[in-house]
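None of the figures in this text is laboratory data; all of them are computed from the coordinates on show. Keep in mind it's a predicted model, so treat the numbers as computed, not measured. Cβ coordinates were reconstructed from backbone atoms using ideal geometry, including for glycine residues, and neighbour counts include every protein chain displayed.
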Amino acid sequence: MLNLVLFGPPGAGKGTQSQKLIARYNLVHLSTGDLLRAQIARGTELGLKAKKLMDEGLLVPDEVVIGMIGSALQENEQAAGFIFDGFPRTVPQAESLDRLLAAHDTKVSCMVALEVKGDELVKRLLERGKTSGRPDDQDETKISRRVTVYNTETAQVAGYYATQNKFHALNGIGEIEDIFGQICAILDQHQPATPSGSQQAAQEVKA
Ligand code: AP5
Ligand code: MG
């Protein structure tokens, strides 16, 4: 199995690159942000609690996202592999992911971190906020808080994978196609794309 942790600050391009990668490698895309927004859209109790934190740019509790990932893994037993987008965001989440994957006889193949500096992130997210409808994209204060939370609570997760020799950093500024090519070059060291990999084969988790 090919299991990628796609890492980086808010607006680094994790979602953008995930869409291209699931088509090429026939992976299941697990974005905890998307799973949480699906809960909000459904008006569930979990979603209502998460919304308050997400709208402020704060992390939701570890046990909430770990539970969602555990369920998604069980629902996708036949998957060729996963892209974890926006997860893990804390070291306890990374430790839980290792345990969850071990229970399915698999493990994280590698982490790819997209590096983008703060002013570019703010520019991208304010632009996306014009059409995304995401409350956390709507003003610079919230976006800056998300970047601060990333730097203080999440960035250290890179070290967790570096100690396992699984960490790869890429410049996330540049043409989307060029960045995609660089990610593919890393993934191909772990598992070449299958000839049958196609848009039709791509799988998206419907939360
Ligand atoms: P989440 O949904 O994960 O958001 P995020 O990490 O803040 O990241 P974004 O989705 O904003 O950015 P992205 O990296 O996907 O970039 P994108 O490709 O869209 O999390 C939201 C919230 O949920 C969190 O704040 C937290 O509250 C909660 N949450 C989620 N997971 C959690 C967890 N594990 N633990 C606790 N809480 C959790 O690109 C951004 C824009 O840039 C787009 O408009 C795109 O078109 C553009 N773009 C992309 N690439 C390029 C490029 N190369 N050049 C120019 N523009 C580009
Ligand atoms: Mg995203």
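Scan the stretch 1-30 for residues that are near ligand 1 (Cβ under 7 Å from one of its atoms), of a type in the set (Gly, Ala, Ser) and closer than 15 Å to Val112 by Cβ and jot them down.
Gly8, Ala12, Gly13, Gly15
Looking at the structure I just gave you, is Asp85 among the acidic types (Asp, Glu) and either over 25 Å from Glu177 (Cα atoms) or free of Cβ contacts under 8 Å to residues at least 40 places away in the same chain (or both)?
Working: among the acidic types (Asp, Glu): yes; either over 25 Å from Glu177 (Cα atoms) or free of Cβ contacts under 8 Å to residues at least 40 places away in the same chain (or both): no.
When the stated conditions are applied, Asp85 does not pass them.
Can you find, within the stretch 155-168, the residue that is nearest to Thr90 (Cα to Cα) among those that are in a helix (DSSP H, G or I) and either touching a helix residue (DSSP H, G or I) at 6+ places or on another chain (Cβ under 9 Å) or within 16 Å of ligand 2 (Cβ to nearest atom) (or both)?
That would be Val157.
Can you name every residue in the stretch 1-40 that is among the charged types (D, E, K, R) and either touching an Asp or Glu at 6+ places or on another chain (Cβ under 6 Å) or within 13 Å of ligand 2 (Cβ to nearest atom) (or both)? Full working, then the answer.
Here is the first cut: in the stretch 1-40, the residues among the charged types (D, E, K, R) are 14, 20, 24, 34, 37.
Correct list: Lys14, Asp34, Arg37.
Would you confirm, using the coordinates I've provided, whether Leu100 is touching a helix residue (DSSP H, G or I) at 6+ places or on another chain (Cβ under 7 Å) and farther than 16 Å from Val149 by Cβ?
Numbers: touching a helix residue (DSSP H, G or I) at 6+ places or on another chain (Cβ under 7 Å): yes; farther than 16 Å from Val149 by Cβ: yes.
Answer is yes for this residue.
What is the residue count in the stretch 41-53 for residues that are out of contact with any Leu (no Cβ under 9 Å at 6 or more places or on another chain) and not in a loop (DSSP other than H, G, I, E, B)? Walk me through how you get there before you give the answer.
First pass over the stretch 41-53, keeping only residues out of contact with any Leu (no Cβ under 9 Å at 6 or more places or on another chain): 41-45, 48-49.
Those left that are additionally not in a loop (DSSP other than H, G, I, E, B): 41-42, 45, 48-49.
Residues in the stretch 41-53 being out of contact with any Leu (no Cβ under 9 Å at 6 or more places or on another chain) and not in a loop (DSSP other than H, G, I, E, B): 5 in total.
Tell me the residue from Leu30, Leu21 that is in contact (Cβ under 8 Å) with a residue 60 or more places away in the chain, touching a Phe, Trp or Tyr at 6+ places or on another chain (Cβ under 7 Å) and buried (at least 19 other Cβ atoms within 10 Å of the Cβ), please. Write out each step before concluding.
Values: Leu21 fails: touching a Phe, Trp or Tyr at 6+ places or on another chain (Cβ under 7 Å).
Among Leu30, Leu21, only Leu30 is in contact (Cβ under 8 Å) with a residue 60 or more places away in the chain, touching a Phe, Trp or Tyr at 6+ places or on another chain (Cβ under 7 Å) and buried (at least 19 other Cβ atoms within 10 Å of the Cβ).
Okay, residues lined up against (1) within 9 Å of ligand 1 (Cβ to nearest atom); (2) in a helix (DSSP H, G or I); (3) of a type in the set (Val, Ile, Thr); (4) touching a strand residue (DSSP E or B) at 6+ places or on another chain (Cβ under 8 Å):
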| site | (1), (2), (3), (4) |
| --- | --- |
| Val112 | no, no, yes, yes |
| Asp119 | no, yes, no, no |
| Glu127 | yes, yes, no, no |
| Thr141 | no, yes, yes, no |
| Ser144 | no, yes, no, no |
| Val149 | yes, yes, yes, no |
| Thr152 | no, yes, yes, no |
| Leu170 | no, no, no, yes |
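So, in the stretch 131-154, exactly how many residues are surrounded by fewer than 15 Cβ atoms within 10 Å (Cβ to Cβ) and away from ligand 2 (no atom under 16 Å from the Cβ)? Working first, answer last.
The first filter runs over the stretch 131-154 and keeps only residues surrounded by fewer than 15 Cβ atoms within 10 Å (Cβ to Cβ), leaving 131-133, 139-141, 148, 151-153.
Filter once more, keeping what is away from ligand 2 (no atom under 16 Å from the Cβ): 139-141, 148, 151-153.
Counting residues in the stretch 131-154 that are surrounded by fewer than 15 Cβ atoms within 10 Å (Cβ to Cβ) and away from ligand 2 (no atom under 16 Å from the Cβ) gives 7.
Please determine whether any residue of the stretch 82-97 is near ligand 1 (Cβ under 7 Å from one of its atoms), assigned to a helix (DSSP H, G or I), among the polar types (S, T, N, Q) and under 11 Å from the mean Cα position of the chain (by Cα).
Checked the stretch 82-97: no residue is near ligand 1 (Cβ under 7 Å from one of its atoms), assigned to a helix (DSSP H, G or I), among the polar types (S, T, N, Q) and under 11 Å from the mean Cα position of the chain (by Cα).
When you check Glu115 against the structure, is it of a type outside the set (Phe, Trp, Tyr) and more than 30 Å from His190 (Cα to Cα), yes or no? Outline the logic, then answer.
On the way: of a type outside the set (Phe, Trp, Tyr): yes; more than 30 Å from His190 (Cα to Cα): no.
Judged against the criteria, Glu115 is not a match.
When residues of the stretch 54-72 are filtered for being surrounded by fewer than 19 Cβ atoms within 10 Å (Cβ to Cβ), outside any loop (DSSP other than H, G, I, E, B) and away from ligand 2 (no atom under 16 Å from the Cβ), how many remain?
Count: 6.
Do you know which of the residues in the stretch 1-33 that are in a strand (DSSP E or B) and among the polar types (S, T, N, Q) is nearest to Gln78 (Cα to Cα)? Don't jump to the end; show me each part of the working.
Taking the stretch 1-33 and keeping what is in a strand (DSSP E or B), we get 2-7, 28-31.
Then drop every residue that is not among the polar types (S, T, N, Q), which leaves 3, 31.
On the way: Asn3: 13, Ser31: 18 Å.
By that ranking, first place goes to Asn3.
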